[in-house]
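J.: What follows is a structure written as structure tokens; I'll ask about it next.
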Amino acid sequence: MLKILFNKQPQKYLNKVPDNVSDKLIKACNGLLTASGDIVKLKGTNYYRLKIEQYRIIFTYDKELEQILIEEINTRTNIKYRRYS
């Protein structure tokens, strides 16, 4: 069964934002289980980007372990894609 894991940064970010934003981002993360949302594979990497309004979620998908690892959650202006190239 597919499961979602969070790195340290996304956990801290979800605790920092208001509850309504946190709920929206968690709901979007749960939508990854059905591959719903604006998902794009980052060129030349194993990373994917999920876009929710002004927020971006960077994650990886491991087929063998059946898990999605949320690497980073941040706003559009603060996300650094070159970190994942």
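J.: Test each condition in (1) surrounded by 14 or more Cβ atoms within 10 Å (Cβ to Cβ); (2) within 23 Å of residue 85 (Cβ to Cβ); (3) not aromatic (Phe, Trp, Tyr) for residue 75 and report the one that comes out false.
T.: Against the list (1) surrounded by 14 or more Cβ atoms within 10 Å (Cβ to Cβ); (2) within 23 Å of residue 85 (Cβ to Cβ); (3) not aromatic (Phe, Trp, Tyr), residue 75 comes up short only on (1).
Results for (1) closer than 21 Å to residue 83 by Cα; (2) of a type in the set (A, V, I, L, M, F, W, C); (3) at pLDDT 95 or above; (4) touching a helix residue (DSSP H, G or I) at 6+ places or on another chain (Cβ under 6 Å), shown as yes or no for each residue.
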residue: 8; (1), (2), (3), (4): yes, no, yes, no
residue: 17; (1), (2), (3), (4): no, yes, yes, no
residue: 44; (1), (2), (3), (4): yes, no, no, no
residue: 66; (1), (2), (3), (4): no, no, no, no
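J.: Pull up the range 16-41, narrow it to residues that are in a helix (DSSP H, G or I) and in contact with a Gly (Cβ under 8 Å, 6 or more places away or on another chain), then point me to the one that is farthest from residue 58 (Cα to Cα).
T.: The qualifying residue farthest from residue 58 (Cα to Cα) is 31.
J.: Sticking with this one: Would you confirm whether any residue within the range 37-50 is free of Cβ contacts under 8 Å to residues at least 60 places away in the same chain, open to solvent by less than 20 Å² (accessible area, probe 1.4 Å) and of a type in the set (Gly, Ala, Ser)?
T.: No - not one qualifying residue is present in the range 37-50.
J.: Given (1) more than 21 Å from residue 84 (Cα to Cα); (2) hydrophobic (A, V, I, L, M, F, W, C); (3) under 10 Å from the mean Cα position of the chain (by Cα), where does residue 50 come up short, assuming only one miss?
T.: Failing condition for residue 50: (1).
J.: Then there is this: I'm told residue 23 meets every condition in (1) in contact with a Lys or Arg (Cβ under 9 Å, 6 or more places away or on another chain); (2) open to solvent by 60 Å² or more (accessible area, probe 1.4 Å) except one. Can you identify the failing condition by its number?
T.: (1)
J.: Now a separate question. Condition first: farther than 20 Å from residue 77 by Cβ and either open to solvent by 70 Å² or more (accessible area, probe 1.4 Å) or free of Cβ contacts under 8 Å to residues at least 12 places away in the same chain (or both). Now tell me which residues in the range 51-63 satisfy that.
T.: Those that are farther than 20 Å from residue 77 by Cβ and either open to solvent by 70 Å² or more (accessible area, probe 1.4 Å) or free of Cβ contacts under 8 Å to residues at least 12 places away in the same chain (or both): 61, 62, 63.
The values are calculated or read from the model by the stated rules, or taken from the named source; none is laboratory data. Owing to the predicted nature of the structure, the values given are computational and were not obtained by experimental measurement. We place every Cβ from the backbone using ideal geometry, glycine too, and count neighbours over all the protein chains shown. The area values use the complete protein model at the heavy-atom level, side chains included, leaving out ligands, DNA and RNA. Shrake-Rupley method; radii C 1.70, N 1.55, O 1.52, S 1.80 Å.
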